[in-house]
1. Rounded if a/c is under 1.5, else prolate if a/b is larger than b/c, else oblate: which is the chain, with a ≥ b ≥ c the root eigenvalues of its Cα gyration tensor?
2. What chymotrypsin sites (Phe, Trp or Tyr not before Pro) in the stretch 48-133 are in a loop by DSSP, with at most 13 other Cβ atoms within 10 Å of the Cβ?
3. Taking 0.36 nm per intervening residue step and subtracting the Cα-Cα distance, what contour gain separates Tyr139 from Ile162 on full extension?
4. Using only the alpha-carbon atoms, how far is helix 178-204 inclined from the longest principal axis of the chain? Give it as 0 to 90 degrees, nearest 10.
5. Just to confirm, what accessible area per residue do you get for the chain at 1.4 Å probe, in whole Å²?
6. Working from Cα positions, state the angle (0 to 90°, nearest 10) between the long axis of helix 67-82 and the longest principal axis of the chain.
7. Show Arg116, Arg163 ordered by accessible area, largest first, where the area counts protein heavy atoms only and the probe is 1.4 Å.
8. Determine, at each q value in 0.12 (inverse angstroms), the log₁₀ of I(q)/I(0) that the Debye formula gives when each Cα of the stretch 81-178 is one equal point scatterer.
Amino acid sequence: MSKTTTAGNMRTGTRFNARAVAVSAMLSAIAFVLMFLDFAIPFLIPTFVKMDISELPALLAAFSLGPVYGVVVCLVKNLLHLLITTTGGVGELANFLMGVCFVLPAGLIYQRMKSRKGAIIASLVGAVVMAVMSVPVNYFITYPVYTKFLPLDAIIGMYQKIRPSANGLLECLITFNAPFTLLKGLLTALVCFLIYKPLSPVLHGKKR
(Lines give C-alpha, C1' and ligand atoms only; values in the text may rest on other atoms or scores of the structure.)
Protein backbone atom coordinates (compact mmCIF):
# COMPACT_ATOMS: atom_id res chain seq x y z
CA MET A 1 0.00 0.00 0.00
CA SER A 2 1.42 3.41 -0.97
CA LYS A 3 2.03 6.24 1.46
CA THR A 4 -0.54 8.32 -0.38
CA THR A 5 -3.21 5.65 0.05
CA THR A 6 -2.33 5.20 3.71
CA ALA A 7 -2.52 8.93 4.36
CA GLY A 8 -5.85 9.07 2.55
CA ASN A 9 -7.26 6.27 4.66
CA MET A 10 -6.08 7.99 7.85
CA ARG A 11 -7.75 11.23 6.82
CA THR A 12 -10.96 9.36 5.97
CA GLY A 13 -10.89 7.58 9.33
CA THR A 14 -10.30 10.83 11.17
CA ARG A 15 -13.17 12.52 9.36
CA PHE A 16 -15.45 9.56 10.13
CA ASN A 17 -14.52 9.58 13.82
CA ALA A 18 -15.01 13.32 14.06
CA ARG A 19 -18.40 13.07 12.36
CA ALA A 20 -19.43 10.12 14.55
CA VAL A 21 -18.48 12.04 17.70
CA ALA A 22 -20.35 15.13 16.47
CA VAL A 23 -23.47 13.13 15.58
CA SER A 24 -23.33 11.28 18.92
CA ALA A 25 -23.09 14.58 20.78
CA MET A 26 -26.08 15.95 18.89
CA LEU A 27 -28.13 12.81 19.54
CA SER A 28 -27.14 12.82 23.22
CA ALA A 29 -28.41 16.39 23.58
CA ILE A 30 -31.69 15.46 21.91
CA ALA A 31 -32.03 12.39 24.15
CA PHE A 32 -31.48 14.59 27.21
CA VAL A 33 -34.30 16.91 26.12
CA LEU A 34 -36.61 13.97 25.36
CA MET A 35 -36.21 12.75 28.94
CA PHE A 36 -38.33 15.71 30.01
CA LEU A 37 -41.06 15.07 27.44
CA ASP A 38 -42.62 12.21 29.37
CA PHE A 39 -46.25 11.47 30.09
CA ALA A 40 -48.35 9.12 32.17
CA ILE A 41 -50.74 6.43 30.94
CA PRO A 42 -52.93 6.02 34.07
CA PHE A 43 -55.05 3.13 32.81
CA LEU A 44 -51.96 0.98 32.11
CA ILE A 45 -49.60 1.72 34.98
CA PRO A 46 -49.38 4.02 38.04
CA THR A 47 -48.77 7.64 37.12
CA PHE A 48 -45.33 7.81 38.76
CA VAL A 49 -44.09 5.58 35.92
CA LYS A 50 -43.77 7.74 32.82
CA MET A 51 -43.64 6.98 29.12
CA ASP A 52 -40.91 8.64 27.06
CA ILE A 53 -38.91 7.95 23.92
CA SER A 54 -35.54 9.23 25.10
CA GLU A 55 -33.92 6.01 23.82
CA LEU A 56 -34.83 7.04 20.27
CA PRO A 57 -31.60 9.01 19.61
CA ALA A 58 -29.55 6.14 21.06
CA LEU A 59 -31.29 3.68 18.73
CA LEU A 60 -30.60 5.98 15.79
CA ALA A 61 -26.93 6.08 16.83
CA ALA A 62 -26.77 2.30 17.22
CA PHE A 63 -28.21 1.76 13.73
CA SER A 64 -26.28 4.48 11.90
CA LEU A 65 -22.92 4.50 13.73
CA GLY A 66 -22.78 1.19 15.57
CA PRO A 67 -23.90 -0.29 18.90
CA VAL A 68 -21.09 1.34 20.90
CA TYR A 69 -22.29 4.79 19.90
CA GLY A 70 -25.81 3.87 20.99
CA VAL A 71 -24.44 3.02 24.42
CA VAL A 72 -22.48 6.28 24.47
CA VAL A 73 -25.64 8.29 23.80
CA CYS A 74 -27.40 6.48 26.68
CA LEU A 75 -24.46 7.28 28.95
CA VAL A 76 -24.09 10.95 28.02
CA LYS A 77 -27.81 11.76 28.33
CA ASN A 78 -27.84 10.30 31.84
CA LEU A 79 -24.62 12.07 32.84
CA LEU A 80 -26.26 15.32 31.75
CA HIS A 81 -29.39 14.45 33.70
CA LEU A 82 -27.24 13.61 36.71
CA LEU A 83 -26.47 17.33 37.01
CA ILE A 84 -30.09 18.03 37.96
CA THR A 85 -31.05 14.74 39.58
CA THR A 86 -32.90 14.35 42.87
CA THR A 87 -32.33 10.59 43.18
CA GLY A 88 -28.58 10.64 43.78
CA GLY A 89 -27.90 9.02 40.42
CA VAL A 90 -29.93 5.87 41.04
CA GLY A 91 -32.59 6.85 38.52
CA GLU A 92 -29.93 7.66 35.96
CA LEU A 93 -28.19 4.33 36.56
CA ALA A 94 -31.44 2.45 36.03
CA ASN A 95 -32.26 4.48 32.92
CA PHE A 96 -28.78 3.84 31.51
CA LEU A 97 -29.00 0.09 32.11
CA MET A 98 -32.44 -0.09 30.50
CA GLY A 99 -31.28 1.92 27.51
CA VAL A 100 -28.25 -0.32 27.02
CA CYS A 101 -30.47 -3.42 27.22
CA PHE A 102 -32.44 -1.94 24.32
CA VAL A 103 -29.90 -0.40 21.96
CA LEU A 104 -26.94 -2.76 22.42
CA PRO A 105 -28.64 -5.98 21.23
CA ALA A 106 -30.52 -4.02 18.58
CA GLY A 107 -27.31 -2.44 17.30
CA LEU A 108 -25.39 -5.73 17.33
CA ILE A 109 -28.10 -7.52 15.36
CA TYR A 110 -28.49 -4.71 12.83
CA GLN A 111 -24.71 -4.60 12.37
CA ARG A 112 -24.96 -8.15 10.99
CA MET A 113 -28.33 -7.79 9.21
CA LYS A 114 -28.32 -4.38 7.55
CA SER A 115 -31.74 -4.53 5.95
CA ARG A 116 -35.27 -3.46 6.78
CA LYS A 117 -36.00 -6.97 8.03
CA GLY A 118 -32.84 -6.87 10.12
CA ALA A 119 -33.86 -3.54 11.65
CA ILE A 120 -37.28 -4.93 12.56
CA ILE A 121 -35.80 -8.05 14.15
CA ALA A 122 -33.17 -5.97 15.95
CA SER A 123 -35.75 -3.58 17.37
CA LEU A 124 -38.04 -6.38 18.50
CA VAL A 125 -35.21 -8.24 20.22
CA GLY A 126 -33.99 -5.04 21.87
CA ALA A 127 -37.49 -4.18 23.09
CA VAL A 128 -38.00 -7.69 24.52
CA VAL A 129 -34.60 -7.69 26.26
CA MET A 130 -35.34 -4.28 27.78
CA ALA A 131 -38.77 -5.45 28.95
CA VAL A 132 -37.36 -8.59 30.57
CA MET A 133 -34.50 -6.72 32.23
CA SER A 134 -36.87 -4.04 33.52
CA VAL A 135 -37.97 -6.47 36.23
CA PRO A 136 -34.59 -6.95 37.99
CA VAL A 137 -33.49 -3.36 37.31
CA ASN A 138 -36.65 -1.96 38.90
CA TYR A 139 -36.74 -4.54 41.70
CA PHE A 140 -33.14 -4.10 42.83
CA ILE A 141 -32.35 -0.51 41.82
CA THR A 142 -35.31 1.78 41.17
CA TYR A 143 -37.98 0.74 43.66
CA PRO A 144 -35.71 0.53 46.70
CA VAL A 145 -35.24 4.28 46.16
CA TYR A 146 -38.99 4.84 45.74
CA THR A 147 -39.68 3.13 49.06
CA LYS A 148 -37.54 5.72 50.85
CA PHE A 149 -40.11 8.32 49.89
CA LEU A 150 -43.25 6.19 49.77
CA PRO A 151 -44.11 3.00 51.70
CA LEU A 152 -44.10 -0.19 49.65
CA ASP A 153 -47.74 -0.86 50.58
CA ALA A 154 -48.68 2.51 49.13
CA ILE A 155 -46.80 1.75 45.90
CA ILE A 156 -48.50 -1.63 45.53
CA GLY A 157 -51.81 0.09 46.32
CA MET A 158 -51.34 2.26 43.23
CA TYR A 159 -51.05 -0.87 41.12
CA GLN A 160 -54.09 -2.38 42.82
CA LYS A 161 -56.18 0.62 41.77
CA ILE A 162 -55.68 -0.59 38.21
CA ARG A 163 -55.86 -4.33 38.96
CA PRO A 164 -57.16 -5.14 42.45
CA SER A 165 -55.73 -8.66 42.38
CA ALA A 166 -52.14 -7.38 42.07
CA ASN A 167 -50.14 -8.81 44.96
CA GLY A 168 -46.52 -8.06 45.78
CA LEU A 169 -43.92 -5.88 44.08
CA LEU A 170 -42.43 -8.62 41.91
CA GLU A 171 -45.84 -9.55 40.49
CA CYS A 172 -46.57 -5.88 39.79
CA LEU A 173 -43.29 -5.47 37.95
CA ILE A 174 -43.91 -8.55 35.83
CA THR A 175 -47.55 -7.82 34.99
CA PHE A 176 -47.34 -4.02 34.67
CA ASN A 177 -43.82 -2.70 34.17
CA ALA A 178 -42.50 -5.33 31.79
CA PRO A 179 -45.37 -4.98 29.27
CA PHE A 180 -45.21 -1.18 29.67
CA THR A 181 -41.48 -1.24 28.93
CA LEU A 182 -42.09 -3.46 25.91
CA LEU A 183 -44.63 -0.94 24.65
CA LYS A 184 -42.08 1.83 25.19
CA GLY A 185 -39.51 -0.05 23.14
CA LEU A 186 -41.94 -0.77 20.33
CA LEU A 187 -43.08 2.86 20.23
CA THR A 188 -39.47 4.02 20.09
CA ALA A 189 -38.74 1.57 17.27
CA LEU A 190 -41.80 2.74 15.33
CA VAL A 191 -40.74 6.38 15.52
CA CYS A 192 -37.22 5.33 14.53
CA PHE A 193 -38.51 3.64 11.37
CA LEU A 194 -40.56 6.72 10.47
CA ILE A 195 -37.70 9.20 10.75
CA TYR A 196 -34.58 7.12 9.99
CA LYS A 197 -34.67 7.52 6.22
CA PRO A 198 -35.24 11.31 6.23
CA LEU A 199 -32.44 11.69 8.78
CA SER A 200 -30.09 9.27 7.05
CA PRO A 201 -28.08 11.97 5.20
CA VAL A 202 -27.35 13.70 8.52
CA LEU A 203 -26.60 10.50 10.41
CA HIS A 204 -24.37 9.06 7.70
CA GLY A 205 -22.86 12.33 6.52
CA LYS A 206 -24.12 11.91 2.97
CA LYS A 207 -25.58 14.51 0.67
CA ARG A 208 -29.03 13.97 -0.79
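1. prolate
2. When the chymotrypsin sites (Phe, Trp or Tyr not before Pro) of the stretch 48-133 are filtered for loop state and at most 13 Cβ neighbours within 10 Å, Phe48 remain.
3. Contour length minus Cα-Cα distance gives 6.3 nm.
4. 20
5. Details: 11170 Å² over 208 residues.
On a per-residue basis, 54 Å².
6. Once rounded, the angle reads 50 degrees.
7. Final ranking, largest accessible area leading: Arg116, Arg163.
8. -0.50
The values are calculated or read from the model by the stated rules, or taken from the named source; none is laboratory data. What you see is a predicted model, and the numbers here were worked out from it, not measured in a lab. Don't worry about glycine lacking a Cβ; one is built from the backbone with ideal geometry, like all the others, and counts go over all protein chains shown. Just the protein is used for accessible areas: all its heavy atoms, side chains included, with ligands, DNA and RNA removed. Shrake-Rupley method; radii C 1.70, N 1.55, O 1.52, S 1.80 Å.
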